Amino acid sequence: MSLETDDVKRIAHLARLAIDEADIPGYARNLSNILDLVEQMNSVNTDAVRPMAHPMDAQQRLRPDVVTEVNQREKFLANAPLAEAGLFLVPKVIE
Amino acid sequence: MHTKSLAELAEGLRNKDFSSEELTRSSLARIKQYDIQLNSFITVAEAPALAQARQADAQLASGKAGPLTGIPIAQKDIFCTEGVRTSCASKMLDNFISPYNATVVQKYNDAGAVMIGKTNMDEFAMGSSNETSFYGAVKNPWDLEAVPGGSSGGSAACVAARLVPAATGTDTGGSIRQPAALCGITGIKPTYGRVSRYGMIAFASSLDQAGAMAGSAEDTAMMLNAMAGFDPKDSTSIEKDVPDYTASLNNDIKGLKIGLPKEYFGEGLDADVAAKIEQAIEEYKKLGAEIVEISLPNSSLSVPVYYVVAPAECSTNLSRFDGVRYGYRCEDPEDLEDLYKRSRGEGFGAEVKRRIMIGTYALSAGYYDAYYLKAQKLRRLISEDFKQAFEKVDVIMGPTAPSTAFKIGEKSDDPITMYLSDIYTIATNLAGLPGMSVPAGFSNSLPVGLQIIGNYFDEARLLNVAHQYQNVTDWHRQIPKGFE
Amino acid sequence: MQWETVIGLEIHTQLATRSKIFSAASTAYGAEANTQACAVDLGLPGVLPVLNAEVVTMAIKFGLAIDATVAPLSVFARKNYFYPDLPKGYQISQMELPIVEHGKLEISLEDGTKKVIGVTRAHLEEDAGKSLHEDFQGMTGIDLNRAGTPLLEIVSEPDMRSAKEAVAYMKKMHSLVRYLGISDGNMQEGSFRCDANVSVRPKGQKEFGTRAELKNINSFRFVERAINIEVERQIDILEAGGKVVQETRLYDANKDETRSMRSKEEAMDYRYFPDPDLLPVEITAEQIETVRQTLPELPEAKKTRFISDYQLSEYDADILTNSRELADYFEDVARQSGETKLSANWVIGELSAMLNKEGKDISVSPVSADMLAGMLIRIKDNTISGKIAKEVFEAMWQGEGDADTIIDNKGLRQISDTGAIEKVLDEIIAANPQQFDQLKGGKDKLMGFFVGQVMKAMGGKANPAQVNELMKKKLA
């Protein structure tokens, strides 16, 4: 599997990553090599195999519906790049 | 003090041979003196550590101390530590002061351990050489031009250089075992779900597991005692009693069935490393163990499967780093799109971006079945191999890594070669099994690690098997030159 | 050409839990920004989700109520996209294995016909936060209090053929979730909102036309308007020989139009995959049975019972079972007063009118069921007439006390003293001899005139039955 410049751009956009134009061929090469490695998976037929999402075949545990969290806004906002009036600020979102 | 094991230090504290403050100061002094060469710490938490040490001393004086009270330990910088920078070795989190403690950190605090600092690592734990850190590469104390392994390279290096008696690590594809092997220390990756992942910054959620790194199996057992256990905050944590891992260390291992997978001794394994592993197996025979040749037929697929599953999970785990609520935000974003793209483009290093892109691709429309679903199916085949093997044997042994520590820069331009350094460790993560690395000699003056893989929740047996070996060998007692 | 409209609805209903779906933060509405967003809701590095048990119970209740299959195993998946009010860069939702599948809901149309609408699935997911577009240094503010509030997304089959049907379905669903107590259904607060998939096709054609998705409609009125406008737009395009584009559109109530939200080039690729932080949710048959025991009487069953037990008309029963609170109120009044038809008339008539007029919910009605029943008892025992009762009701509404207090204070007690009534009647006959003769002569219409005059003279307090009786005697 070989990725082209446009593929890299499309993926980078989907992942919201700014990539320098100059670095794109390098990424395309590296990513293609990784995909070649991954292609080895096709050597085994897995039609009858159930996918395994987790090492343990355990079930989800449930939490009682109880509120235990308290307001820690100031502590959390301290890490915010930009905040005002208790809100996180981002460039204007156009709907 | 630095030549003492954790167990010996704990006894010294209880006997009042020295105080926790003295011990902590000694550790801080060694960090000051040696870490310029190693770069194993990202943050040294001197003031909070001394405060914790004084608290520990008070506890020791009142007789309410536990086995770890007053022992300085280092936390891998992937664990959130309240009030202390938690960077995950990324520019993205260079300014992130965690507002809460990871469960692992809280458990060590509760056990009275002294958190001396945060260790260097590969950025977001993505790497096998510790060269992808935003804070620069970590050096291997056995050869300052060589890598310590990764991603828990800082933890491995600082324990190997005896800057601290023990440290935490995390292991997604070998990130505890491989650096433990390359730095000549003992490390354990427990069963998936044995240790809480809450507050451990996620790389690949279904593979990540926290563990301990120390000078010996006994010290590792003491560390694991404090960190293991069910956590209601982690849905994947398993509700199962935790045994005292130190209690079974001295069990006789006569009749132990050791499986040697032929796939772990084939092409790609350094001949001298192979020889050292065979010597270690000979020691086990002397201890009464029985050797059984086994096969893990799908093990060659573990690297390809891993490089789908791990990037896929990481690609979405790392979406939260978007420059909105915390972490790095680019200068003067033009609009929202620009804010996202540049904050992430500038905040993440090349390897992280590579993996995010591979994962994004593998999950994207039209490719999901061919990559992610296929990998999940193979994952089951790989773990079935282990299931069958454990019907015949008690533990599986082999090399931890195909070679000893390589030079800094040697593999950093070629991701694939780098990925293959985890060829023997990755399958354990895919299956969720516990694994260890134990020092088993030297090849060209660099440490060789013996890997021991156990059945689910069989950590006590792993530690027992490792301890019995360490009773008859002294590889784990060697200290790198220049750090004595 | 004759066109046929095809509509499917996706209803998002907030579940009325105390804490969020994956964290222990409060779901209470209206708190100061970001004070109810905990570490998990903010998607801080390292945090993990743990599923709220109540959310699962509520989904089971819903599944049972719509005759659906409750999945023995359901799986949470990540829906990946970037948006500032989505803290983790993905929404935890369900994709391949939703918790509820294959249900149905019967709706009644205005002409009295009934129709069964299929419910494809209902799945659990977390709500996002809110973007506040007021000006903060020219920027948008993000409030994550709502992030992590549990949602049940209910997806219908494309079974509806008109905006009216869509509204009927939405209303029925609204009533159901409130009956079940799984949602407060508050539409102003966004607890119940819907997306409508709308397409048109030539009548008789089997294949569906290309659909547009109308996003985030939060009132019954807007659903009808938005769908009708969208249908017109699509028909206009098709009749002009054009093609409908599959896209997401937003209904603008102010301009009364729908407009495109995203350009079609930017097709979303959500990269769904099972969330590795959560394990499959297992629901056993025993668990389902336990929940079934707690199910309240559902609207349909209640309606049938009202018709048979209280001899109500289908129309009355339908209105009274519209909401559980109204039905409970009615039953309370009927039981206390022993007058079912009268109770139904008052609850549907006077009471509902006043509630409507003041925009009040039955739960905060100034006239309680006890008070209304007390008044009906006084009608029944002839203390007051139906006409005076309106005055009493009005006074109760204004907070002047219960019926007896008001009747006493205002001297509204009905006069059933035959002597007193006859005296007034005689005076009126004397004052209107011509009319009396005409009445005698067979002009029956004048009966009402005399009764009315008596009532007027006696301040409405005369017992109307007795006035009639006396009048007949005079004519005999």
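Scan segment C:414-430 for residues that are surrounded by 15 or more Cβ atoms within 10 Å (Cβ to Cβ) and charged (D, E, K, R) and jot them down.
C:Glu422
Can you tell me which condition C:Gly63 does not meet? The list is (1) in a helix (DSSP H, G or I); (2) touching a Gly at 6+ places or on another chain (Cβ under 7 Å); (3) within 10 Å of chain A (Cβ to nearest Cβ), and all the others hold.
Going through the list (1) in a helix (DSSP H, G or I); (2) touching a Gly at 6+ places or on another chain (Cβ under 7 Å); (3) within 10 Å of chain A (Cβ to nearest Cβ), C:Gly63 breaks only (3).
Restricting segment B:299-326 to residues that are of a type outside the set (A, V, I, L, M, F, W, C) and touching an Asp or Glu at 6+ places or on another chain (Cβ under 8 Å), which is farthest from the other protein chains (Cβ to nearest Cβ)?
Initially, segment B:299-326 is screened for residues of a type outside the set (A, V, I, L, M, F, W, C), giving B:299-300, B:302, B:304, B:306-307, B:311, B:313, B:315-317, B:319-320, B:322-323, B:325-326.
With touching an Asp or Glu at 6+ places or on another chain (Cβ under 8 Å) added as a condition, the list becomes B:299-300, B:304, B:306.
On the way: B:Ser299: 12, B:Ser300: 8, B:Pro304: 5, B:Tyr306: 10 Å.
Filtering segment B:299-326 for residues that are of a type outside the set (A, V, I, L, M, F, W, C) and touching an Asp or Glu at 6+ places or on another chain (Cβ under 8 Å), the one farthest from the other protein chains (Cβ to nearest Cβ) comes out as B:Ser299.
Which members of segment B:293-323 meet the condition of being among the charged types (D, E, K, R), buried (at least 24 other Cβ atoms within 10 Å of the Cβ) and not in a loop (DSSP other than H, G, I, E, B)?
B:Glu313
Under the condition of being small (Gly, Ala, Ser) and in contact with a strand residue (DSSP E or B) (Cβ under 7 Å, 6 or more places away or on another chain), which residue from segment B:85-130 is nearest to the other protein chains (Cβ to nearest Cβ)?
That would be B:Ala102.
On the given criteria, is C:Arg18 of a type in the set (Lys, Arg), modelled with pLDDT of 95 or more and under 30 Å from the mean Cα position of the chain (by Cα)?
yes
Please specify each residue of segment B:367-400 satisfying the condition of being of a type in the set (S, T, N, Q) and more than 25 Å from the chain's Cα centre (by Cα).
Residue satisfying the conditions is B:Gln388 alone.
Based on what the data block shows, is B:Arg25 in a helix (DSSP H, G or I) and closer than 14 Å to B:Ala167 by Cβ?
Considered against the rule, which asks whether it is in a helix (DSSP H, G or I) and closer than 14 Å to B:Ala167 by Cβ, B:Arg25 comes out as no.
Please specify each residue of segment C:460-476 satisfying the condition of being in a loop (DSSP other than H, G, I, E, B) and either among the acidic types (Asp, Glu) or surrounded by 12 or more Cβ atoms within 10 Å (Cβ to Cβ) (or both).
Those that are in a loop (DSSP other than H, G, I, E, B) and either among the acidic types (Asp, Glu) or surrounded by 12 or more Cβ atoms within 10 Å (Cβ to Cβ) (or both): C:Gly460, C:Lys461, C:Asn463.
Within the bounds of segment A:64-87, is there any residue that is of a type in the set (D, E, K, R), touching a helix residue (DSSP H, G or I) at 6+ places or on another chain (Cβ under 9 Å), within 30 Å of B:Tyr419 (Cβ to Cβ) and more than 7 Å from chain B (Cβ to nearest Cβ)? Explain how you work it out, then say what you get.
Residues of segment A:64-87 that are of a type in the set (D, E, K, R), as a first pass: A:65, A:69, A:73-75, A:84.
Checking the rest, the ones that are also touching a helix residue (DSSP H, G or I) at 6+ places or on another chain (Cβ under 9 Å) come to A:65.
From the residues that got through so far, the ones that are within 30 Å of B:Tyr419 (Cβ to Cβ) too are none.
No: segment A:64-87 contains no residue that is of a type in the set (D, E, K, R), touching a helix residue (DSSP H, G or I) at 6+ places or on another chain (Cβ under 9 Å), within 30 Å of B:Tyr419 (Cβ to Cβ) and more than 7 Å from chain B (Cβ to nearest Cβ).
Output the residue which, of all residues in segment B:1-27 that are buried (at least 22 other Cβ atoms within 10 Å of the Cβ) and of a type in the set (A, V, I, L, M), is nearest to B:Ser152 (Cα to Cα). Don't jump to the end; show me each part of the working.
Residues of segment B:1-27 buried (at least 22 other Cβ atoms within 10 Å of the Cβ): B:6, B:9, B:13, B:20, B:23-24, B:27.
This time we only want the ones that are of a type in the set (A, V, I, L, M), so: B:6, B:9, B:13, B:23.
On the way: B:Leu6: 20, B:Leu9: 24, B:Leu13: 28, B:Leu23: 24 Å.
Only one residue tops the list, namely B:Leu6.
Output the residue which, of all residues in segment C:3-47 that are within 10 Å of chain A (Cβ to nearest Cβ) and among the β-branched types (Val, Ile, Thr), is nearest to C:Thr210 (Cα to Cα).
C:Ile21
Within segment B:206-252, track down each residue that is buried (at least 19 other Cβ atoms within 10 Å of the Cβ), farther than 20 Å from B:Ile176 by Cβ and in contact (Cβ under 8 Å) with a residue 60 or more places away in the chain.
B:Lys233, the sole residue that qualifies.
Return the residues of segment C:110-128 that are among the aliphatic types (A, V, I, L, M) and farther than 15 Å from C:Met173 by Cβ; say none if nothing qualifies.
Residues satisfying the conditions are C:Leu124, C:Ala128.
Output the number of the condition that C:Gly138 fails; it satisfies all remaining conditions of (1) facing chain A (nearest Cβ under 10 Å); (2) in contact with a strand residue (DSSP E or B) (Cβ under 6 Å, 6 or more places away or on another chain).
(2)
So, in segment B:394-443, exactly how many residues are closer than 24 Å to B:Ile258 by Cβ and assigned to a strand (DSSP E or B)?
Number of matching residues: 14.
Checking the condition touching a helix residue (DSSP H, G or I) at 6+ places or on another chain (Cβ under 7 Å), hydroxyl-bearing (Ser, Thr, Tyr) and in contact (Cβ under 8 Å) with a residue 24 or more places away in the chain, which residue from C:Tyr310, C:Tyr270 passes?
On the way: C:Tyr270 fails: touching a helix residue (DSSP H, G or I) at 6+ places or on another chain (Cβ under 7 Å).
Result: C:Tyr310 is the single residue among C:Tyr310, C:Tyr270 that is touching a helix residue (DSSP H, G or I) at 6+ places or on another chain (Cβ under 7 Å), hydroxyl-bearing (Ser, Thr, Tyr) and in contact (Cβ under 8 Å) with a residue 24 or more places away in the chain.
Residues in segment B:334-348: is at least one in contact (Cβ under 8 Å) with a residue 60 or more places away in the chain, not polar (S, T, N, Q) and not in a helix (DSSP H, G or I)?
Yes.
One line per residue, one yes/no per condition, for (1) part of a loop (DSSP other than H, G, I, E, B); (2) surrounded by 15 or more Cβ atoms within 10 Å (Cβ to Cβ); (3) on the phi > 0 side of the Ramachandran plot:
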position: C:Ser199; (1), (2), (3): no, yes, no
position: C:Phe208; (1), (2), (3): yes, no, no
position: C:Arg225; (1), (2), (3): no, yes, no
position: C:Glu230; (1), (2), (3): no, yes, no
position: C:Arg233; (1), (2), (3): no, yes, no
position: C:Val244; (1), (2), (3): yes, yes, no
position: C:Arg259; (1), (2), (3): no, no, no
position: C:Asp269; (1), (2), (3): yes, yes, no
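In segment A:1-58, how many are at the interface with another protein chain (Cβ under 9 Å from one of its Cβ atoms) and polar (S, T, N, Q)?
Adding up the residues that qualify gives 6.
Those residues that are surrounded by fewer than 24 Cβ atoms within 10 Å (Cβ to Cβ) and touching a residue at least 60 places away in the same chain (Cβ under 8 Å), I need them from segment C:12-26; list them, please.
Scanning segment C:12-26 gives C:His12, C:Ala16, C:Thr17.
Quick one: is B:Ala7 within 23 Å of B:Ala125 (Cβ to Cβ), over 20 Å from the mean Cα position of the chain (by Cα) and not acidic (Asp, Glu)?
no
Give C:Leu132, C:Leu124 a once-over and let me know the one that is surrounded by fewer than 24 Cβ atoms within 10 Å (Cβ to Cβ), touching a Leu at 6+ places or on another chain (Cβ under 7 Å) and in a strand (DSSP E or B).
The unique qualifying residue is C:Leu132.
Can you tell me which residue within segment B:344-366, out of those that are facing another protein chain (nearest Cβ under 7 Å) and modelled with pLDDT under 95, is farthest from the chain's Cα centre (by Cα)?
Within segment B:344-366, the match that is farthest from the chain's Cα centre (by Cα) is B:Ala365.
The rows are residues; the columns are (1) part of a loop (DSSP other than H, G, I, E, B); (2) of a type in the set (A, V, I, L, M); (3) exposed (fewer than 13 other Cβ atoms within 10 Å of the Cβ).
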site: C:Val291; (1), (2), (3): no, yes, no
site: C:Glu300; (1), (2), (3): no, no, no
site: C:Lys303; (1), (2), (3): no, no, no
site: C:Asn322; (1), (2), (3): yes, no, no
site: C:Glu325; (1), (2), (3): no, no, no
site: C:Leu342; (1), (2), (3): no, yes, no
site: C:Asn345; (1), (2), (3): no, no, no
site: C:Gly374; (1), (2), (3): no, no, no
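Are there any pairs, at least 6 apart or on different chains, whose C-beta atoms fall under 8 Å, with the first in segment C:89-109 and part of a loop (DSSP other than H, G, I, E, B) and the second among the basic types (Lys, Arg) and surrounded by 15 or more Cβ atoms within 10 Å (Cβ to Cβ), and if so, which?
Between residues of segment C:89-109 that are part of a loop (DSSP other than H, G, I, E, B) and residues that are among the basic types (Lys, Arg) and surrounded by 15 or more Cβ atoms within 10 Å (Cβ to Cβ), the close pairs are C:Gly89/B:Arg320; C:Met95/C:Lys79; C:Pro98/C:Arg121; C:Leu109/C:Lys115; C:Leu109/C:Lys164.
I need the strands (runs of 3 or more DSSP E) fully contained in segment B:141-258, keeping only those with at least 2 residues that are in contact with a Ser or Thr (Cβ under 6 Å, 6 or more places away or on another chain), at pLDDT 95 or above and among the hydrophobic types (A, V, I, L, M, F, W, C).
Filter on segment B:141-258 gives B:209-214.
Residues C:Ser368, C:Ser323, C:Ser343: which one is over 17 Å from the mean Cα position of the chain (by Cα) and over 24 Å from C:Lys461 (Cα atoms)?
Going through C:Ser368, C:Ser323, C:Ser343 in turn, just one is over 17 Å from the mean Cα position of the chain (by Cα) and over 24 Å from C:Lys461 (Cα atoms): C:Ser368.
The values are calculated or read from the model by the stated rules, or taken from the named source; none is laboratory data. Everything numeric here is computed off the predicted structure, so don't read it as measured data. Every residue, glycine among them, receives a Cβ derived from its backbone with ideal geometry; neighbour counts consider all protein chains shown.
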